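*Asks:* Got a structure for you, written out below as structure tokens; questions coming shortly.
Coordinate-derived values only; no laboratory data. Only a predicted model underlies this, so the values are computations on that prediction, with no experimental measurement involved. Glycine gets a Cβ as well: all are built from the backbone with ideal geometry, and neighbour counts include every protein chain shown.
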Amino acid sequence: MHRKEIVAQAKATFERWGVDMSLCEVGMVQTITRRLDYIATPQLILCDEAHHSLAASYKRIFEHFKNSVLVGFTATPARLSGTGMKEVYDDLIIGPEIKWLIDNSYLAPYDYYAPTLIDVERLKRASTGDYSNKSMDQAIKVRAIFGDVLKTYKEVANNTKTIVYTHNVQASIDVTDAFNRAGYHAEQVDGKTSAEMRKQAMDNFRSGRTLILVNAELYGEGVDVPDCQTVIMLRPTDSLTLFIQQSMRGMRYQPGKRATIIDHVGNAYRFGLPDTPREWSLEGQPKKERGKSDAPAIRTCPKCYAVLPANTHICPLCGFEQPVESRELDVKPKQS
Ligand SMILES: [Zn+2]
């Protein structure tokens, strides 16, 4: 695993299922990588969050134990850059779809709102496959959009436990200040926050002392808080993997919980909704198909900005009925 807290969770789960723990080595990738020479060659390697499998530290482990059977698990079998997992894995086994997981109470249902507050035209892809920092800066004028971020939060998710994704450290600080000034208890973490401070922030968020956790440059897998209900996306991405990891952060199942996803950066218009059916493959997503014109079949309610399947005529969230003319806009006139 790549996180400390998951190690404890995995150990507890294995024990609950009666696994003889004297046969298992459970650890963080960083730790295992350092101890390769002291660990007995395993017959089986289980890798969590397997979309990281192509990272150097992971590959060092797999290469060291190249005769062991390797099984990886992930909700998003592609790197953040869109590269497939073929270099490390021979076969891809597709699990149940997100929609099935929601329908069967493994994930919480959600409402998705997408009032775009940035200039998406300015976004430019960098060599990483995702948007460049400079173009994100140009597209997002954070100070100018606070008011609308707060307004939307109050309207559709007021006082819910919320995680906010921002595109850089300064933006995360500014957004945190804005929430605090408005009387919400918000806290900020980023890639440079010390492990100790991060743990403290996480504990505060878990206990409810902090209502809004704002982060920058952390990919969000670190947040595993069952009663976190709302996700606010202020970080545009061209990475399907990142979109799914972030948008679904509030969808951990709890009886009666309904997640709210607020997308201010147009991610839905590139990728559709979290439960849009997708075709994954070990080859990865061909570059030309990504972010291109095969726009997802969604539409936005002009009244409440809910993102809905394209064939929805009455908004289930606010009751707005799409006028017939605009509904049929792209139907070609019949020849007489
Ligand atoms: Zn609506």
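*Asks:* For the stretch 275-284, take each phi angle, set θ = phi - 60°, evaluate the Karplus expression 6.51 cos²θ - 1.76 cosθ + 1.60, and give the result in whole Hz per residue in order, putting x for glycine and proline.
*Replies:* With coefficients 6.51, -1.76 and 1.60, one gets 9, 4, x, 10, 9, 9, 8, 5, 6, x Hz.
*Asks:* When the dipole is taken about the Cα centre of the stretch 125-228, and only Lys, Arg (+1) and Asp, Glu (-1) are charged at their Cβ, what size is it in debye, to the nearest 20?
*Replies:* Dipole about the Cα centre, nearest 20: 220 debye.
*Asks:* Taking C-beta distances below 4.7 angstrom as the pairing criterion, name the unpartnered cysteines of the chain, in sequence order.
*Replies:* Cys24, Cys47, Cys228
*Asks:* Something else: Using DSSP to call loops (not H, G, I, E or B), can you name the chymotrypsin sites (Phe, Trp or Tyr not before Pro) in the stretch 20-101 whose Cβ has at most 16 other Cβ atoms within 10 angstrom?
*Replies:* Qualifying residues, ordered by number: Phe73.
*Asks:* Let me ask something else about it. For a quick check, take a GNM of the chain with Cα springs below 10 Å and name the residue from Asp37, Asp119, Asp238 with the largest mean-square fluctuation.
*Replies:* Per the Cα network of the chain with a 10 Å cutoff, Asp37 tops the list.
*Asks:* Which of the three applies to the stretch 85-221, rounded, prolate or oblate, going by the alpha-carbon gyration tensor with a ≥ b ≥ c and a/c under 1.5 meaning rounded?
*Replies:* Since a/c stays below 1.5, the shape of the stretch 85-221 is classed as rounded.
*Asks:* Choose one answer from Asp20, Asp174, Asp148: the residue with the largest mean-square fluctuation in a GNM of the chain with alpha-carbon springs under 10 Å.
*Replies:* In the Gaussian network model the winner is Asp20.
*Asks:* In whole Hz, with x marking every Gly and Pro, tabulate ³J(HN,Hα) for the stretch 205-213 from phi via Karplus 6.51 cos²θ - 1.76 cosθ + 1.60, θ = phi - 60°.
*Replies:* Once rounded to whole Hz, the list reads 5, 4, 6, x, 4, 9, 8, 10, 10.
*Asks:* Enumerate the calculated ³J(HN,Hα) couplings along the stretch 139-144 in order (Karplus 6.51 cos²θ - 1.76 cosθ + 1.60, θ = phi - 60°), each rounded to whole Hz, writing x wherever the residue is Gly or Pro.
*Replies:* 6, 10, 9, 3, 4, 6
*Asks:* Something else about it: Can you list residues whose amide H is under 5 Å from Arg299's amide H, if they're 5+ apart or on another chain and H is modeled 1.01 Å from N?
*Replies:* Under 5 Å from the amide H of Arg299: Leu308, Ala310.
*Asks:* Of Asn267, Cys228, Thr13, which is farthest on the positive side of the dipole of the chain, counting Cα position, with +1 on Lys and Arg Cβ, -1 on Asp and Glu Cβ, and the Cα centre as origin?
*Replies:* Asn267
*Asks:* Ok, one more. Is the stretch 99-309 rounded, prolate or oblate when judged by the Cα gyration tensor, a ≥ b ≥ c being the square roots of its eigenvalues, rounded requiring a/c under 1.5 and prolate requiring a/b larger than b/c?
*Replies:* Rounded, because the longest to shortest axis ratio a/c is under 1.5.
*Asks:* Working from Cα positions, state the angle (0 to 90°, nearest 10) between the long axis of helix 169-181 and the longest principal axis of the chain.
*Replies:* Tilt of helix 169-181: around 60 degrees.
*Asks:* With springs only between Cα atoms under 10 Å apart, run a GNM on the chain and tell me which of Ser239, Ser53, Ser207 wobbles the most.
*Replies:* Fluctuation is largest for Ser207.
*Asks:* What are the residues whose amide H is under 5 Å from the amide H of Tyr110, where those residues sit 5 or more places off or on another chain and H is modelled from the backbone?
*Replies:* Close amide H contacts, sequence-distant or interchain: Ala259.
*Asks:* Rounded, prolate or oblate: which one fits the stretch 1-42, using the alpha carbon gyration tensor with axes a ≥ b ≥ c (rounded when a/c is under 1.5, else prolate when a/b beats b/c, else oblate)?
*Replies:* It comes out oblate by the Cα gyration axes.
*Asks:* How about the stretch 171-269: which trypsin sites (Lys or Arg not before Pro) there are in a DSSP loop, with at most 14 other Cβ atoms within 10 Å of their Cβ?
*Replies:* Sparse-neighbourhood loop trypsin sites (Lys or Arg not before Pro): Lys192, Arg209, Arg258.
*Asks:* Below 8 Å between Cα atoms, with a sequence gap of 6+, how large is the relative contact order for the chain in percent?
*Replies:* 19
*Asks:* If you take every DSSP beta bridge whose two residues both sit in the chain, what share of them, in percent to the nearest 5, is antiparallel?
*Replies:* 25
*Asks:* Sort out the exposed loop GluC sites (Glu not before Pro) in the chain (DSSP loop, at most 15 other Cβ within 10 Å) and tell me the longest stretch that has none.
*Replies:* Maximal segment without exposed cleavage sites: 98-278.
*Asks:* Where does the chain land at 222 nm, in deg cm²/dmol rounded to the nearest 500, when only DSSP H runs of n ≥ 4 count, each adding -39500 (n - 2.57), divided by all residues?
*Replies:* -8500 deg cm²/dmol, from helical runs alone.
*Asks:* By counting other Cβ atoms within 10 Å of each Cβ, how are Ile61, Ile94, Ile45 ranked from fewest to most?
*Replies:* Ile94, Ile45, Ile61
*Asks:* Still on this structure, please answer the following. List the residues, sorted by chain then number, that are 5 or more residues from Val164 or on another chain and whose placed amide H is less than 5 Å from its amide H.
*Replies:* Correct list: Leu213, Val214, Asn215, Ile232.
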